[in-house]
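Novice: Please read through the structure below; I'll follow up with questions.
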Amino acid sequence: PASRAIMYEETTYSKKKIIDFLSALEGFKVMCKVSGLLEEVAGGFTSKTLKQVVTLQSKSPKGRFPDLTAELQRWDTAFDHEKARKTGLITPKAGFDSDYDQALADIRENEQSLLEYLDKQRSRLGCKSIVYWGIGRNRYQLEIPENFATRNLPEEYELKSTKKGCKRYWTKTIEKKLANLINAEERRDTSLKDCMRRLFCNFDKNHKDWQSAVECIAVLDVLLCLANYSQGGDGPMCRPEIVLPGEDTHPFLEFKGSRHPCITKTFFGDDFIPNDILIGCEEEAEEHGKAYCVLVTGPNM
C-alpha cells in the first residue's frame with residue numbers, strides 16, 4: 001500500500017537502492033545463463049538434487065528453476081537501465097505509462113509555445129536580444145534591454161524585476177502558459193513516482209519465482225563448493241546426503257564423527273576426538289527435544 005511504501009526516490013538513498021535493484025536484475029540474468037549451460041548436460045548427472053536445481057520447471061515436473069526469460073525481457077524494455085544507474089531514477093520508456101507520456105507531451109507543447117511567444121515579442125518590439133529569465137515559478141520573465149524598455153511597451157507588460165541595463169516583464173499570456181507548464185511538470189513527477197511504485201510492486205508480484213531462482217543457485221553453490229573441496233581436501237571424507245526441504249521436511253544437520261577441515265592441516269596429534277552434531281533431528285529430539293540452533297561455547301567452538 002502507498003501509505004507504507006518505501007519511497008525509493010528519496011534523494012538521501014534512492015541511487016543506491018536503484019543500483020541494488022539493477023544489480024539484482026543482472027544477477028538473475030547470470031543465474032539463467034548458468035542454469036541453461038548446466039541443463040544442457042544435466043542428463044549425465046547422477047545427483048537428483050543437482051538435476052532439479054538446474055532444470056526449468058516448464059520443461060520437467062521435477063525441475064525447480066523457474067523460467068525467468070519473459071519477465072527479465074519485460075524489465076529490459078520497461079526503462080533505460082544505464083540512465084537509471086547514473087541518475088538513481090527509473091524513467092519509463094515511451095509506451096510503458098500513458099500518464100507519464102501525456103505529461104511529457106504537454107511539457108514539450110508548452111515549452112514550444114513559450115518559445116514561439118518569445119519570437120513574436122522580439123518581432124513586435126524590434127529587439128532580437130530579448131531573452132527569458134528566471135527559475136522555478138518565476139521563470140520566463142521577458143528580459144528587455146533598458147534602452148528598449150524605456151520606450152512605449154504594450155499595456156499587458158507587467159514589470160517584475162530590474163537590474164542594471166535591463167528590465168524584466170511578465171504578461172498574462174506568459175503567466176497562463178507557465179501555469180500550464182508547471183501543471184504538466186507536476187503531473188510528470190507524480191506519474192514518475194507512481195510508476196516507480198508500480199514497478200517495484202510488479203517485481204514483488206513474482207517474488208516466488210525470484211526466490212526459487214535464488215534457492216536453486218544457493219544449492220548449486222553449495223554443491224560446487226563440496227565438489228571442489230572433495231577434489232583437493234585432506235583427511236577422511238564422505239559424500240553428504242543433501243535433502244531438499246519439502247512440505248513435511250524441516251531443515252536439519254546430522255554429522256557423525258565430524259571434524260573441521262582445518263583440523264587435518266593444523267592438528268598433528270593422534271588423540272583428536274571427532275564430534276557428532278545433531279540439529280533439528282528426530283534422534284536428538286527423543287533425548288533433548290528438537291532444536292534448530294545450537295549455542296556452542298568455549299575454546300573448541
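The values are calculated or read from the model by the stated rules, or taken from the named source; none is laboratory data. Predicted model, so just to flag it, every value in this text is computed and none were measured. Methodologically, a virtual Cβ is constructed for each residue, glycine included, from the backbone with ideal geometry; neighbour enumeration extends over all protein chains shown. These accessible areas exclude ligands, DNA and RNA; they are computed on the full protein's heavy atoms, side chains included. Shrake-Rupley method; radii C 1.70, N 1.55, O 1.52, S 1.80 Å.
Novice: If you check every pair at least six apart or on different chains, which have Cβ atoms under 7 Å apart with a residue in region 265-292 that is over 27 Å from Tyr229 (Cβ atoms) first and a residue that is at pLDDT below 70 and assigned to a helix (DSSP H, G or I) second?
Specialist: Lys290/Glu284
Novice: Would you pick out the residues in region 38-93 that are among the hydrophobic types (A, V, I, L, M, F, W, C), free of Cβ contacts under 8 Å to residues at least 12 places away in the same chain and assigned to a loop (DSSP other than H, G, I, E, B)?
Specialist: First, pick out the residues of region 38-93 that are among the hydrophobic types (A, V, I, L, M, F, W, C): 38, 41-42, 45, 50, 53-54, 56, 65, 68, 70, 72, 75, 78-79, 84, 89-90.
Among the residues that remain, those that are also free of Cβ contacts under 8 Å to residues at least 12 places away in the same chain are: 41, 45, 70.
Across region 38-93, the qualifying residues are Val41, Phe45.
Novice: Same structure again: Has region 173-184 got at least one residue that is over 30 Å from Leu142 (Cβ atoms), open to solvent by less than 60 Å² (accessible area, probe 1.4 Å) and either at pLDDT below 85 or among the charged types (D, E, K, R) (or both)? Before the answer, list the steps.
Specialist: Filtering region 173-184 for residues over 30 Å from Leu142 (Cβ atoms) gives none.
There is no residue in region 173-184 that is over 30 Å from Leu142 (Cβ atoms), open to solvent by less than 60 Å² (accessible area, probe 1.4 Å) and either at pLDDT below 85 or among the charged types (D, E, K, R) (or both).
Novice: Follow-up question, since we're still on this one. For region 107-152, give me each residue that is touching a Leu at 6+ places or on another chain (Cβ under 8 Å) and of a type in the set (Asp, Glu).
Specialist: Glu111
Novice: Condition check: open to solvent by 50 Å² or more (accessible area, probe 1.4 Å), at pLDDT below 90 and under 33 Å from the mean Cα position of the chain (by Cα). Does Phe96 satisfy that?
Specialist: Values: open to solvent by 50 Å² or more (accessible area, probe 1.4 Å): yes; at pLDDT below 90: yes; under 33 Å from the mean Cα position of the chain (by Cα): yes.
Taking the combined requirement at face value, the residue satisfies it.
Novice: Name the single residue, out of those in region 143-168 being within 16 Å of Tyr117 (Cβ to Cβ) and among the acidic types (Asp, Glu), that is least open to solvent (accessible area, probe 1.4 Å).
Specialist: Out of the qualifying residues, it is Glu143.
Novice: Within region 232-261, how many residues turn out to be closer than 17 Å to Tyr292 by Cα and hydroxyl-bearing (Ser, Thr, Tyr)?
Specialist: Number of matching residues: 1.
Novice: Hey, any hits in region 280-297 for a residue that's surrounded by 13 or more Cβ atoms within 10 Å (Cβ to Cβ), modelled with pLDDT of 80 or more and closer than 28 Å to Gly233 by Cα?
Specialist: For region 280-297, residues surrounded by 13 or more Cβ atoms within 10 Å (Cβ to Cβ), modelled with pLDDT of 80 or more and closer than 28 Å to Gly233 by Cα: present.
Novice: Another one. Arg64 versus (1) in contact with a Leu (Cβ under 9 Å, 6 or more places away or on another chain); (2) within 30 Å of Thr162 (Cα to Cα); (3) surrounded by 12 or more Cβ atoms within 10 Å (Cβ to Cβ): which is the lone unmet condition?
Specialist: So the condition that Arg64 fails would be (2).
Novice: Further question on the same structure: Being polar (S, T, N, Q) and open to solvent by 70 Å² or more (accessible area, probe 1.4 Å) is the filter here; which residues of region 106-125 pass it? If you could, list the steps in order and put the result at the bottom.
Specialist: Here is the first cut: in region 106-125, the ones polar (S, T, N, Q) are 110, 112-113, 121, 123.
Selection gives Gln112, Ser123.
Novice: If I filter region 241-259 for residues that are open to solvent by 90 Å² or more (accessible area, probe 1.4 Å), closer than 26 Å to Leu56 by Cα and part of a helix (DSSP H, G or I), do I get at least one hit?
Specialist: Taking every residue of region 241-259 in turn, none turns out to be open to solvent by 90 Å² or more (accessible area, probe 1.4 Å), closer than 26 Å to Leu56 by Cα and part of a helix (DSSP H, G or I).
Novice: Can you confirm whether region 210-230 contains a residue that is under 30 Å from Val30 (Cβ atoms), surrounded by 10 or more Cβ atoms within 10 Å (Cβ to Cβ) and modelled with pLDDT under 80?
Specialist: Keep residues of region 210-230 that are under 30 Å from Val30 (Cβ atoms), which gives 210-230.
Filter once more, keeping what is surrounded by 10 or more Cβ atoms within 10 Å (Cβ to Cβ): 210-230.
Within this subset, residues satisfying the condition of being modelled with pLDDT under 80 are none.
No, region 210-230 contains no residue that is under 30 Å from Val30 (Cβ atoms), surrounded by 10 or more Cβ atoms within 10 Å (Cβ to Cβ) and modelled with pLDDT under 80.
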